[in-house]
1. Of the residues B:T239, B:T192, which single one is more than 12 Å from chain A (Cβ to nearest Cβ), farther than 18 Å from A:S233 by Cα and either in contact with a Phe, Trp or Tyr (Cβ under 6 Å, 6 or more places away or on another chain) or modelled with pLDDT of 95 or more (or both)?
2. Does the range A:134-152 hold any residues that are under 22 Å from A:P226 (Cα atoms) and either within 7 Å of another protein chain (Cβ to nearest Cβ) or assigned to a strand (DSSP E or B) (or both), and which are they?
3. Please enumerate the residues belonging to the range B:225-259 that are in contact (Cβ under 8 Å) with a residue 12 or more places away in the chain and among the hydroxyl-bearing types (S, T, Y).
4. List the pairs whose first member sits in the range A:117-133 and is more than 7 Å from every other protein chain (Cβ to nearest Cβ), whose second member is surrounded by 24 or more Cβ atoms within 10 Å (Cβ to Cβ) and among the small types (G, A, S), and whose Cβ atoms are under 7 Å apart, counting only residues at least 6 apart or on separate chains?
5. Which one of the conditions (1) within 16 Å of A:I128 (Cβ to Cβ); (2) free of Cβ contacts under 8 Å to residues at least 60 places away in the same chain; (3) in contact with a strand residue (DSSP E or B) (Cβ under 7 Å, 6 or more places away or on another chain); (4) not basic (K, R) does A:I65 fail to meet, given that it meets all the rest?
6. Name the residue, out of B:V95, B:V101, B:V150, B:V106, that is within 14 Å of chain A (Cβ to nearest Cβ) and in contact with a Pro (Cβ under 9 Å, 6 or more places away or on another chain).
7. Does B:A63 satisfy the criteria of being within 18 Å of the chain's Cα centre (by Cα), farther than 27 Å from B:Q172 by Cβ and modelled with pLDDT of 95 or more?
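The values are calculated or read from the model by the stated rules, or taken from the named source; none is laboratory data. What you are looking at is a predicted structure, and each value in this text was computed from that prediction instead of being measured. Note that we place each Cβ from the backbone using ideal geometry, even for glycine, and neighbour counts take in every protein chain shown.
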Amino acid sequence: MTQAVGFFTDTSVCIGCKACQVACHQWNELPATNGGVVPFSGNSYDNTGSFSDLNWRHVKFIEQINEQRTQAAWLMMSDVCKHCASAPCREVCPTDAIVVTEFNTVYIRESYCNGCRDCIAACPFGVIHVSESKKIAQKCTFCYDRLQNDLVPACAQACPTQSIQFGPLDELRSRAASRVRQLQERGTSQARLYGADETILGGLSSFYLLLDEPAVYGLPAEPKEPAKSVVPSSVRAFLAAAWVLLASMWSLRKRS
Amino acid sequence: MNTMVADPHWGWWIVWYFYLAGIASGAFAVTCLLRLVKSDTVKGGAQTEIADSGEWIAAPLMAVCGLLLIVDLGRPERFWHMLFDRDSWLPHIKVWSPMSVGAWGVLVFSMVTGIGFLATLNRSGVTLPFPLERVSRLCGSVSSSFPFSVFGLICAMFISSYTGALLTATNQPVWSETAWIGALFLASSVGTGTAAVQLVARARGGVSSSLEAFEPYVWALELTTLVLFVSSIEAESRTVLWRDGRACGILAVSVLLCVLVPAALRWRARHSWGWLPFGAVSVLAGGFLLRYAIVMAPTMWVSPTE
């Protein structure tokens, strides 16, 4: 029987080697952008800048230097699709192209997608992009093909520091909780988990141990579930429609 | 404000779709309202041209809208995936997805406007080939019925507002911060629809005085929903909006064209009715700017990181 699996990314041990990015490209046969010629981004060692249709993993480099330039910290984080329990992309997808797999991961069925891009607008993490060649939505598959063959996802397999840990979700969550405790006991009071519990989109199958506020890593503190806005929006539209109806009854009848 | 989102690249096709679908739904709503409220004068009376004008406008515009939506897709040949399951070919709908419900809404509304269009052809005495002639006669009897007008009005109101709900049901800056875009689009749709009906009715020799009493209420709704929209977005977004001259400029010009210019022309029209078409054109231009400003808001005003 299959079970829910996930990624626990411990950013405290990430060294920014980008082995995960390379492994992702290699396994998923994602070609290099611009023929492999990548200009300097001007943002530390970040050479891809963001997620894209060809970059399903993105290693972020955050340089923190104080005003006096006497202290510096260098945060690194290998970012990926969060495979949310209440995935906004899946909620809004009109063609049912985005589904939850038997491993509790979020997967795009390419043959269903028609490139409407509603999922891109809905994703709070900027994960999904449209492929320039296929013209459909693309993102991390959680190496669905590898999971089906009892293999560890390529990125987790390649990570040399165990920053990306793969395993059953429950096990990862308890491991993450003890790691946070360990770091806090050693004086890293800023250590915290992001997405390990259900407060963010019902829980993330890819969750993180961060060493600063989520915003520092470019992660939204309170991402929204799009479906929850449909009723408030509809109620307001209904009120406007009621006004139009009343106004027409008043103004049009008056003239007759 | 979440600026880490990716840009869905909903560009000109979508701006034009929102705009034209707004005019079509607004015009059809006005037709239905006239039929429901002024049934005594609409049926074969002085208001016939005005009521028919909405039906002349709505169906061709919805046909264009369907094409715009298909062209905007990355894989246009798969447009039917919006409505039917790819494997079973059975109809499918996700009630919590505005785009899924909207796709069905567009289909149903297009059919409703098609019936209205054929009915108008029949009433106008246009000679149609054999099967169409029968169909148009049937449509003629259906379209002037009370249930059809009620159903048409509901469909029109849905089409004019679901696009706003669709934008709100995202995580994009500005769009996701307010639940008022649907109401604002509805108000703008009724405004632009009324203007379009007036222009077409005038061209067809109709009298549009009944709609002129209706217009100030629409202007009031547009202004109110616009104020509610701006005041309900996050303070950070509002600051960006305020600092960016383009944003303020487009919104200000939109208000000017949608409300102030037609109101001023209305005042002037006490002396000369010839000014009124300019007011309608102004409303139509303002409605386009409003759609442009809101659809482009996340990229134009906040520049999310990609």
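1. Only one candidate passes the filter, namely B:T192.
2. Within the range A:134-152, A:I136, A:A137, A:Q138 qualify.
3. B:T225, B:S232, B:S237, B:S254
4. A:C119/A:A137
5. Of the numbered conditions (1) within 16 Å of A:I128 (Cβ to Cβ); (2) free of Cβ contacts under 8 Å to residues at least 60 places away in the same chain; (3) in contact with a strand residue (DSSP E or B) (Cβ under 7 Å, 6 or more places away or on another chain); (4) not basic (K, R), the odd one out for A:I65 is (1).
6. B:V101
7. Considered against the rule, which asks whether it is within 18 Å of the chain's Cα centre (by Cα), farther than 27 Å from B:Q172 by Cβ and modelled with pLDDT of 95 or more, B:A63 comes out as yes.
Quick grid of which residues meet (1) in a helix (DSSP H, G or I); (2) of a type in the set (F, W, Y); (3) under 20 Å from B:P60 (Cβ atoms):
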{"site": "B:V126", "(1), (2), (3)": "no, no, yes"}
{"site": "B:V135", "(1), (2), (3)": "yes, no, yes"}
{"site": "B:A156", "(1), (2), (3)": "yes, no, yes"}
{"site": "B:S176", "(1), (2), (3)": "yes, no, no"}
{"site": "B:V190", "(1), (2), (3)": "yes, no, yes"}
{"site": "B:A196", "(1), (2), (3)": "yes, no, yes"}
{"site": "B:V200", "(1), (2), (3)": "yes, no, yes"}
{"site": "B:E212", "(1), (2), (3)": "yes, no, no"}
{"site": "B:W219", "(1), (2), (3)": "yes, yes, no"}
